[in-house]
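Notes to accompany the following structure.
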Amino acid sequence: MKRLTILCLCVALLLSLPFAAHAKNFDVVPTSNDQIEVGDTYGKGDGELKIFDKDGNLIIHKKGKIDKSIISIKSTQFDNGNYGGVTDAWWYYYIFGWLTGSGPKAEGTTYTYAHDGNSDYLSAYVKLYVNGTKKAEDSASDTDVGEVTAYCDHLYYSNVGGPILPCRATTSHKVIDSKYGWNASFTTDDSF
C-alpha cells in the first residue's frame, strides 16, 4: 500500500509539472510542440498605442513592443491631462487542446489621466478578425473612471504548426471629459 501511495504521488507530481511551468511570450512562431507549454503566447505585448495631450494632439503613436510604463506615465509632460488607448492581439497556446483550445486573443484599453481625477465616460469596443472574418467582439464602458478594458478570444484551433492564420484586432475608443472638453473618438489595432 505504501508503494502504491508513493507511485501515485510521483505520477501526480509529473502530471502537474507542465502547469507549474512559467509561460513565455514568443517573438517568433515556435517551430515544434516541444517548445510550447500551456499559457505560452505569440505576439503578446506587440500592439498599437496612442496617447493624446489635453488639447487632443497625438503626442505618442507607437506600434510594436508596448512598454506598460508608457501607458501609465504621469510625468510632468502629462500633468495637465492626457488620454489614450491601446490594442493588443496575440496567439494563446493550450497544448492539451489537440483539436481546439488554442487561438487568438485580443484586448483593447481606453484610459485617461485627467489632472482632477477620472473622466466622465470611457469606452472600448474591440473586434477580433481571423482571415478577414470577424470572429469575436467585446465592449466595456463606464462613467467616472480612469480606465476600461474589453477582452475577446477565438480559441478554436489546434496548436500544431502555431498561429498560421492572419489575425487582427481593432479597438474603437471613446473619451468624454467635460472639464477638458474632451469628446474624442479614435481607433487602434494590432495584427500578426
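Of all residues in region 30-47 being open to solvent by less than 50 Å² (accessible area, probe 1.4 Å) and of a type in the set (V, I, T), which is nearest to T100 (Cα to Cα)?
V38
Being closer than 15 Å to T109 by Cβ and either surrounded by fewer than 19 Cβ atoms within 10 Å (Cβ to Cβ) or more than 14 Å from the chain's Cα centre (by Cα) (or both) is the filter here, so list the residues in region 48-61 that pass it.
Selection gives K50, I51, F52, I60.
Does Y111 qualify as being surrounded by fewer than 24 Cβ atoms within 10 Å (Cβ to Cβ) and either out of contact with any helix residue (DSSP H, G or I) (no Cβ under 9 Å at 6 or more places or on another chain) or in contact (Cβ under 8 Å) with a residue 60 or more places away in the chain (or both)?
No: the conditions fail for Y111.
Kindly check whether there is at least one residue in region 104-117 that is of a type in the set (D, E), in contact with a Lys or Arg (Cβ under 8 Å, 6 or more places away or on another chain) and outside any strand (DSSP E or B).
yes
The rows are residues; the columns are (1) in a loop (DSSP other than H, G, I, E, B); (2) open to solvent by 50 Å² or more (accessible area, probe 1.4 Å); (3) at pLDDT 95 or above; (4) more than 22 Å from A184 (Cα to Cα).
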residue	(1), (2), (3), (4)
G85	no, no, yes, no
A89	no, no, yes, yes
F96	yes, yes, no, yes
L128	no, no, yes, yes
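Taking K74 as meeting all but one of (1) at pLDDT below 70; (2) more than 27 Å from Y125 (Cα to Cα); (3) open to solvent by 40 Å² or more (accessible area, probe 1.4 Å), write down the number of the exception.
(2)
The values are calculated or read from the model by the stated rules, or taken from the named source; none is laboratory data. Only a predicted model underlies this, so the values are computations on that prediction, with no experimental measurement involved. With ideal geometry, Cβ positions are generated from the backbone for all residues, glycine too; neighbour counts draw on all protein chains shown. Protein only, heavy atoms only, side chains kept; ligands, DNA and RNA dropped before computing areas. Shrake-Rupley method; radii C 1.70, N 1.55, O 1.52, S 1.80 Å.
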